[in-house]
Amino acid sequence: MLYLLFLIGYDSLPPLPDLSKLDFPEPVLWMEPVAREIRINGFAGHFYGAELDLNLHSFLGAGYFIRKNEWDSTDAGSIELSYKAVMPRLWLKPKVWAHLLRREDEYQQIMPGLEFALFTSPLIATGSVNYSRWLINGEDSFEADGELNLTFDRTTYLPGITVNGIYTEGELKPNMFANLHLHTIHIMVGSAIKTGFPSPSLDIAYKMPWIEIAANAQTGVKHNALGGYFNPEIPIKYRIDIPAETLRVDVGLRLQLNMGDQCYTLAGSHKQWMLRLVAGQVYEIAAKKDINETNLHVIARNRLTVRSVEVGNALHVHYNTSDSAIPFLPDIALADTLQLKIGFIELSADFRYAAQRNGIEKTLPSYHTINTTLGFRLSAVKLYFAVHNLTDDRAEIYDDYYLTGRQYAGGIEVEQHF
C-alpha cells in the first residue's frame, strides 16, 4: 500500500503517443472567466528549475526553465504572455510565446500571434494567426499558420465554414471545412485544397452532458508544420520544412462517459499509410511507405473527496499494432497518476511502463519508472521532496540512450489566489 501511495509528481519521461484523439471544433460563443492567482515554484537537486504562472483576469503570464538529465543532459524552457481585450462585439487576445530546447541540438522559437472573435447579428467570426521564427543550430527559418471560422445563424444549427492552413516551404497550404450543429449532433466535412488529389475528411460527434460519441474518417495528404510536429522529449533532429504525410484511409471512434468527477474514455483508430513520418537513421525524420497501424486507447479519470481526504487518479492504457516497425511505439504502454491529499500532506506518484519495442536499429527492452513527490502545504506555501525513477531502472529508452537512474530534488511552491 505504501509503495502504491508513493507513486508521482512530475512526468519526467517522454509522453505516451496521443492515439485516436478526436477533437471536434466548437464555435466560440463566450470567454471563460479566469481566476486571479499567482504560482511560483522552484526546485533544486539532481534536476533543478523554476516555474511561474500569473493570471490577472485579462493578463496571463507563464514560464518555466528546467535543467535535467533523465537520459541525456537537457535545458528546456518557455515563456508565454497574453492579454485579453474584451469589447461589446469584439474580443482580441494578442500573445507571444517563446521556447528553448538545448540538448545535442539547440532549438529556439519565438511565436507572436493573435486570437480574435467578432460578434454580429448574422454571424460569429473567430480565428487566429501565428508567426513562428525558428533558430535551429544557428540557422534561421520561419513558418506561419492561421484559422478563420465563420458561424452563420446564431440560434439554429450554427452552420459555419472553417478555413485554416500553414505557410511553409514558401507556399500556403490551406484546408476548408463545413460545419453543422444539429442540437446534439455535430458534423464537419472538408478537405485540404492544394494537394494534387482529393484529401477529404469527415467528423461526426454526438454530445450530451454525460456521454460523447465521436467518429472520424480521412484520406489523402496531411501537411505538417514544425510547430505541430515538434516533440522536445524525443531525440529527433528536426528541420524546416517537415515533409507531408499521406493516408489511404484513417478511421477512428471514441466513446466518453462523464459522471461528475468520474470520466471514462475508450477510443480506437485504424490507419493505412501510404507515407508516414518516423525517426530514421541518426534520428533524422524519415518517410516510411505502406504501413497499417491500429491503436486502442483507454482512459479512466477518478476523483473522490471525503472530508479532508482527496484522492485523484488517472489511468491511461495504450495498445498498438502495426505490420511494419515504427520506432519507439510499444505494443503496450501504461501510465497511471495518483494524487492524495490528507489535510496538509500532499502525496503524488506517477507510474510509466512501456513494453519491448523497436528502435531505429535495434530492439529496445521494456522499462518502467516511478516518480514520487511528498509535500507539506501550510496555507499558500508548500514544501516538497521529489524522487524520480524510484526503482532505479537504467533501461535503454532510445537507441544508445539510457535512463540515468534514481534522482532527488527538493522545492518550494507558493500559490496565492486574490
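Just so you know, all these numbers are worked out from the coordinates, no wet-lab data involved. Only a predicted model underlies this, so the values are computations on that prediction, with no experimental measurement involved. Reconstructed Cβ throughout: ideal geometry from the backbone, glycine too, with neighbour counts over all protein chains shown.
Select from the stretch 189-278 those chymotrypsin sites (Phe, Trp or Tyr not before Pro) which occupy a DSSP coil region and have at most 11 other Cβ atoms within 10 Å, ordered by residue number.
Trp210
The spacing between the stretch 305-344 and the stretch 73-89, judged by their C-alpha centroids, is 28 Å. Taking only alpha carbon atoms, the chain gives an Rg to Rh ratio of 0.95, where Rh is the Kirkwood radius.
The stretch between Arg248 and Thr321 holds 24.5 nm of extra length on full extension. This uses 0.36 nm per residue minus the Cα-Cα distance. Rounded to the nearest whole angstrom, the semi-axes of the ellipsoid equivalent to the stretch 265-418, taken from the Cα gyration tensor as √(5λ), stand at 37, 20, 13, largest first. Estimated at 0.36 nm per residue, the fully extended path between Arg377 and Glu310 surpasses their Cα-Cα distance by 22.7 nm. Legend: P(r) of the stretch 210-344 from all alpha carbon pair distances, 5 Å bins from 0, whole percents, reading 2, 8, 14, 15, 18, 14, 11, 8, 5, 3, 2, 0. The stretch 328-418 has equivalent-ellipsoid semi-axes of 34, 13, 11 Å, by the square roots of 5 times the alpha carbon gyration tensor eigenvalues, sorted largest first. Of the GluC sites (Glu not before Pro) found in the stretch 188-269, the ones in coil according to DSSP and having at most 16 other Cβ atoms within 10 Å of their Cβ are Glu233. Restriction of the trypsin sites (Lys or Arg not before Pro) in the stretch 327-384 to DSSP coil positions whose beta-carbon has at most 14 other beta-carbons within 10 angstrom yields Lys362. For the options Val278, Val309, Val251, a Gaussian network treatment of the chain with springs between C-alpha atoms closer than 10 Å singles out Val309 as fluctuating the most.
The slack in the chain from Glu171 to Glu415, taken as 0.36 nm per residue of separation less the alpha-carbon distance, amounts to 83.3 nm.
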